[in-house]
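Okay, so here's the structure we're looking at.
The values are calculated or read from the model by the stated rules, or taken from the named source; none is laboratory data. Since we're looking at a predicted model, the values are computed, not measured. Methodologically, a virtual Cβ is constructed for each residue, glycine included, from the backbone with ideal geometry; neighbour enumeration extends over all protein chains shown.
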Amino acid sequence: MLRTFIVPTTLVAAAFAFIAPAAAQAPAPPQYPNMTFFITSTPGPNGANFGGIDGADKYCGDLAAKAGAGGKAWRAYVSQQALDGKTAINAKDRIGKGPWVNAEGTTIAASVADLHDPVKANINENTGITETGKKVMGRLFVTNYHDILTGTQADGTAPAADKDLTCGNWTKGGEGSAIVGHHDRMGLNDQPPAKSWNSSHPSAGCDNASLRKTGGNGLLYCFVAN
């Protein structure tokens, strides 16, 4: 004789309530608490418009926090021009003294001077990685995102105020232009600008589509001001 057992619905509901969250829980992102340098893994929501230089810093800090490197003075490597009543601010003066290491623990530069030395600066396709420890696609990839926003000259200083080269000090997400650098140190020729990590050429615009035209994706370099 078969016996029928009735399981209370409350027990069934409790079982599913326990299983469902566990099944839906995404794996935690990799954590790099000792990281002091990275390239942003994703572009901002509005091209080169980060709401100003402070907004660019916040964007770096928010991504760093997700990667276990929060609670540090993260600074975007961007300059501010003396435009519209603003005071010029040099990117090199915002990022501390060094040294800086990427997510893998590789030293990018020991000092500000080394960072701006074409030979000593250790930013390239292999070391210029994101806060998640991944490579940024460059010229050797099908899709090229090697243009990194800096608005900065090769020596780390802000451009002159005669022409907007910072997308309106990082407040424009449409027309305009900003200086970009090549994180992979590769370009169309072997001239110094093509191999510069921080000052290669002006972007075609400030919106996401225009930034992609020349091989970018609205990404930033982020450093801890140590």
**Item:** Count of segment 106-128 residues which are surrounded by 19 or more Cβ atoms within 10 Å (Cβ to Cβ) and of a type in the set (Gly, Ala, Ser)
**Value:** 2
**Complete:** Sole miss for residue 100 among (1) surrounded by 20 or more Cβ atoms within 10 Å (Cβ to Cβ); (2) modelled with pLDDT under 95; (3) not basic (Lys, Arg) is condition (2)
**Request:** Could you tell me whether segment 22-45 includes any residue that is on the phi > 0 side of the Ramachandran plot and either at pLDDT 95 or above or touching a Phe, Trp or Tyr at 6+ places or on another chain (Cβ under 6 Å) (or both)?
**Result:** no
**Message:** If the requirement is being part of a loop (DSSP other than H, G, I, E, B) and either in contact (Cβ under 8 Å) with a residue 24 or more places away in the chain or in contact with an Asp or Glu (Cβ under 7 Å, 6 or more places away or on another chain) (or both), which of these qualifies: 127, 87?
**Reply:** 127
**Message:** Considering only residues that are among the basic types (Lys, Arg), part of a loop (DSSP other than H, G, I, E, B) and under 17 Å from residue 144 (Cβ atoms), which ones fall in segment 163-196?
**Reply:** 185
**Request:** Give segment 50-94 a look and list any residue that's closer than 17 Å to residue 34 by Cβ and not basic (Lys, Arg), or say none.
**Result:** 60, 61, 63, 64, 65, 67, 68, 69, 70, 71, 73, 74
**Asked** Among all residue pairs at least 6 apart or on different chains, which show Cβ distances below 9 Å where the first residue, located in segment 197-226, is outside any strand (DSSP E or B) and the second is acidic (Asp, Glu) and buried (at least 21 other Cβ atoms within 10 Å of the Cβ)?
**Response** 197/184; 200/147; 203/147; 211/147; 212/147; 214/147; 215/147
**Prompt:** Among the residues of segment 60-81 satisfying the criterion of being in contact with a strand residue (DSSP E or B) (Cβ under 9 Å, 6 or more places away or on another chain) and in a loop (DSSP other than H, G, I, E, B), which is surrounded by the most Cβ atoms within 10 Å (Cβ to Cβ)?
**Reply:** 78
**Asked** Mind checking which residues of segment 164-186 are over 12 Å from residue 218 (Cα atoms) and touching a helix residue (DSSP H, G or I) at 6+ places or on another chain (Cβ under 6 Å)?
**Response** 176, 185
**Request:** Would you confirm whether any residue within segment 51-59 is within 21 Å of residue 93 (Cα to Cα), more than 12 Å from the chain's Cα centre (by Cα), assigned to a loop (DSSP other than H, G, I, E, B) and touching a residue at least 40 places away in the same chain (Cβ under 8 Å)?
**Result:** yes
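Just one of 209, 225, 194 is of a type in the set (A, V, I, L, M) and more than 17 Å from residue 137 (Cα to Cα); which is it? Walk me through how you get there before you give the answer.
Working: 209 fails: more than 17 Å from residue 137 (Cα to Cα); 194 fails: more than 17 Å from residue 137 (Cα to Cα).
Selected residue: 225, the only one of 209, 225, 194 that is of a type in the set (A, V, I, L, M) and more than 17 Å from residue 137 (Cα to Cα).
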**Asked** Which ones in segment 141-156 are crowded, with 19+ Cβ neighbours inside 10 Å and hydrophobic (A, V, I, L, M, F, W, C)?
**Response** 148, 149
